[in-house]
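Worksheet: one structure, shown below.
Every number here is computed from the coordinates shown, using simple stated rules; none is lab data. It should be emphasised that the depicted structure is a prediction, and the values quoted were computed from it without experimental measurement. Don't worry about glycine lacking a Cβ; one is built from the backbone with ideal geometry, like all the others, and counts go over all protein chains shown.
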Amino acid sequence: MSRAVAVSPETPRPYGYVASFAGPAELLHAAAKLKEAGYSRYDAHSPFPIHGMDEAMGEKRSRVSYFAAAAAILGGSALLGLIYYAHVIDYPIVISGKPMFSYQAFFPPIFAICVLSAAFGALLSMAGFIKLKLHHPVFESRLFPTASDDGFLIAVEADDSLFDSGKTKDLLASLGAKEIELVQGGSR
């Protein structure tokens, strides 16, 4: 009879470095310098939006607004079509000589459905574009909880083509990082 051999778990693959900076200006400067150096797989985390961060990181304009507008138009059109069907085709009743299809009376619910549809369109398209994960390796960093309070962080992923453990750490240190932490748990 043969016995199964226990396989030792591999050491986790590094996710990358998480570096802490003193404030928003330093974080903005570091993000711009990382972009200039050629890094493409990094993200900035701060307790509030920083004006100019998208430009510093070289981010393009988001396409979420187009999906939200399309969802609003589709939702409003669907409700308008349902109202038309119900009042003109399925159950036509002339009341006091009013026209069969009086859409003006239904503007408030159509507007509400447009807003609701736009919200769902924005939420779903955003989740798709950012490849939403319920657990991300950067959450394991001991520095990350400060990002919602008073921390200004940059996370450089090990999947970046320019990532080199020593050089990337030295670059982050030269940019003024207060603390630099190697985070484990990257994807394979």
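Descriptive notes on the structure:
- When region 33-66 is filtered for residues that are more than 20 Å from residue 165 (Cα to Cα) and more than 16 Å from the chain's Cα centre (by Cα), the ones remaining, listed by number, are 51, 52, 55, 56.
- Criterion: over 22 Å from the mean Cα position of the chain (by Cα), among the hydrophobic types (A, V, I, L, M, F, W, C), closer than 30 Å to residue 73 by Cα and loosely packed, with under 14 Cβ neighbours inside 10 Å - qualifying residue of 105, 127: 105
- Those helices (runs of 4 or more DSSP H) of region 42-159 in which at least 2 residues are farther than 23 Å from residue 20 by Cβ, considering only elements entirely within it, cover 64-84, 107-129.
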